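**Student:** Got a structure for you, written out below as structure tokens; questions coming shortly.
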Amino acid sequence: MIHKKQFHWKRMSVADRELIIEGPVEPARLASYRFDDGLKAFRVPEEQHQALVEIAELPEGRIIIARDGDLVLGYITLLYPDPLERWSEAKMEDLLELGAIEVSHKIRAGGVGKALLEVAFRDDAMEDYIVITTEYYWHWDLKGTGLDVWGYRKIMEKIMGSVDMIWVATNDPEICSHPANCLMARIGKRVPQESLIAFDNVRFQNRFMY
């Protein structure tokens, strides 16, 4: 599959900051930006910054960012699923994973998460993909938001739903390990039937085993 990437952007004002929401961002430009110290959900900011640059270098990798000048305050990642996860086992060229969405506490509650997704899915090429996100409660900032798992999940469903991602069933053991965890997906308009069948098969592995 040829990975076409069309750049899009928008402006928005949040917490007295004038933000640019843009992407997919090229690796060299992403490397030149600074990374806010509030972006630490997955690893320390410097290491996460480098990880995003490496994702941007991948043929399928897409990084959408929210920035104030040269300071990155939020981002989402889109790439092929991790080779160690079941979602990669189908070897589907048209299956991408929304691997991370993170917004600094400095600009939260301003609709930045939705704006990042909006810009990502403005690209018509996304209609050629199934895009999934795996939501695990242990990745959620419950302490920082003061929400319980169900309140946080409701927010995540609302944000993801803004680009037509919906809850889909699976028997994946990690997702099934807690009722707040979930798998969500967006099916592009041009995804072929054979890809839908392959996606169903990877969602429900060993379904007939007892």
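The values are calculated or read from the model by the stated rules, or taken from the named source; none is laboratory data. Remember, it's a predicted structure, so these values are computed and weren't measured experimentally. Cβ: placed from backbone, ideal geometry, glycine included. Neighbour counts: every protein chain shown.
**Student:** Can you tell me which residues in region 100-116 are under 17 Å from LEU39 (Cβ atoms), outside any loop (DSSP other than H, G, I, E, B) and not acidic (Asp, Glu)?
**Tutor:** Within region 100-116, the first condition is being under 17 Å from LEU39 (Cβ atoms), and the residues that meet it are 100-110, 112-113, 115-116.
From the residues that got through so far, the ones that are outside any loop (DSSP other than H, G, I, E, B) too are 100-103, 105-107, 112-113, 115-116.
Listed by number, the residues that qualify are ALA100, ILE101, VAL103, HIS105, LYS106, ILE107, VAL112, GLY113, ALA115, LEU116.
**Student:** Restricted to region 134-155, and to residues that are of a type in the set (D, E, K, R) and exposed (fewer than 14 other Cβ atoms within 10 Å of the Cβ), which residue is nearest to ARG43 (Cα to Cα)? Give the steps one after another, and end with the answer.
**Tutor:** To start, the set of residues in region 134-155 that are of a type in the set (D, E, K, R) comprises 135, 141, 143, 148, 153-154.
Still in the running and exposed (fewer than 14 other Cβ atoms within 10 Å of the Cβ): 143, 148, 154.
On the way: LYS143: 17, ASP148: 23, LYS154: 25 Å.
It comes out as LYS143.
**Student:** In addition: Out of the residues in region 156-196 meeting the condition of being surrounded by 14 or more Cβ atoms within 10 Å (Cβ to Cβ) and in a helix (DSSP H, G or I), tell me which one is farthest from the chain's Cα centre (by Cα).
**Tutor:** My answer is SER195.
**Student:** Considering only residues that are hydrophobic (A, V, I, L, M, F, W, C) and farther than 20 Å from HIS3 by Cα, look in region 101-118 and name the one that is modelled with the lowest pLDDT.
**Tutor:** Of region 101-118, the ones hydrophobic (A, V, I, L, M, F, W, C) are 101, 103, 107, 109, 112, 115-117.
Retained after the next criterion (residues that are farther than 20 Å from HIS3 by Cα): 101, 103, 107, 109, 112, 115.
On the way: ILE101: 91, VAL103: 92, ILE107: 91, ALA109: 76, VAL112: 95, ALA115: 97.
Looking at residues that are hydrophobic (A, V, I, L, M, F, W, C) and farther than 20 Å from HIS3 by Cα, I get ALA109.
**Student:** Now a separate question. Only one of these is among the acidic types (Asp, Glu) and within 17 Å of LYS10 (Cβ to Cβ): ASP82, ASP68, ASP94. Name it. Talk me through it step by step, then tell me what you get.
**Tutor:** Details: ASP82 fails: within 17 Å of LYS10 (Cβ to Cβ); ASP94 fails: within 17 Å of LYS10 (Cβ to Cβ).
Residue meeting the stated conditions: ASP68.
**Student:** Here's a follow-up. Report, by residue number, each residue of region 21-46 that is closer than 14 Å to VAL103 by Cβ and in contact with a Phe, Trp or Tyr (Cβ under 6 Å, 6 or more places away or on another chain). Let's see the steps before the verdict.
**Tutor:** Restricting attention to region 21-46, the residues satisfying the condition of being closer than 14 Å to VAL103 by Cβ are 21, 35-42, 45.
Passing the criteria: only PRO45.
**Student:** Is it the case that some residue within region 132-140 is touching a Leu at 6+ places or on another chain (Cβ under 7 Å) and part of a loop (DSSP other than H, G, I, E, B)?
**Tutor:** Within region 132-140, the subset touching a Leu at 6+ places or on another chain (Cβ under 7 Å) is 132-134.
From what's left, part of a loop (DSSP other than H, G, I, E, B): none.
Scanning region 132-140, I find no residue that is touching a Leu at 6+ places or on another chain (Cβ under 7 Å) and part of a loop (DSSP other than H, G, I, E, B), so the answer is no.
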